[in-house]
């Protein structure tokens, strides 16, 4: 990526270089050549900006997706931990009540 940015910087510095009138006197079609080169440079700069933008959008999407996946995984972990804790709590309550209520009760029928 840094090599790409160095090339982009060199292209930008090259595009702001001023041309002299001497070159215009030697070639009468120099304004057209200058326009062609300038339009190519502008196109390259525009396409480079679009490339950088697409790379940044892809990076942003990856970060958002990763964060969303992390939230989902932590939610699943938290809910399974709560479910496991409630099962252990219910098992302990059942075990505690079984040891206390181990006595047999004599139930009598009621005559009305």
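Read-outs: derived from the displayed coordinates by stated rules, not from any lab. Remember, predicted model here, so these are calculated numbers, not experimental data. Positions of Cβ are backbone-derived with ideal geometry, glycine not excepted, and every protein chain shown enters the neighbour counts.
Some notes on this structure:
- Packing order of peptides 61-70, 29-38, highest average first: 29-38, 61-70 (average count of other Cβ atoms within 10 Å over each peptide's residues).
- Each of residue 94 and residue 39 was given a label point 7 Å from its Cα along the Cα-to-Cβ line. The distance between the two points is 8.2 nm.
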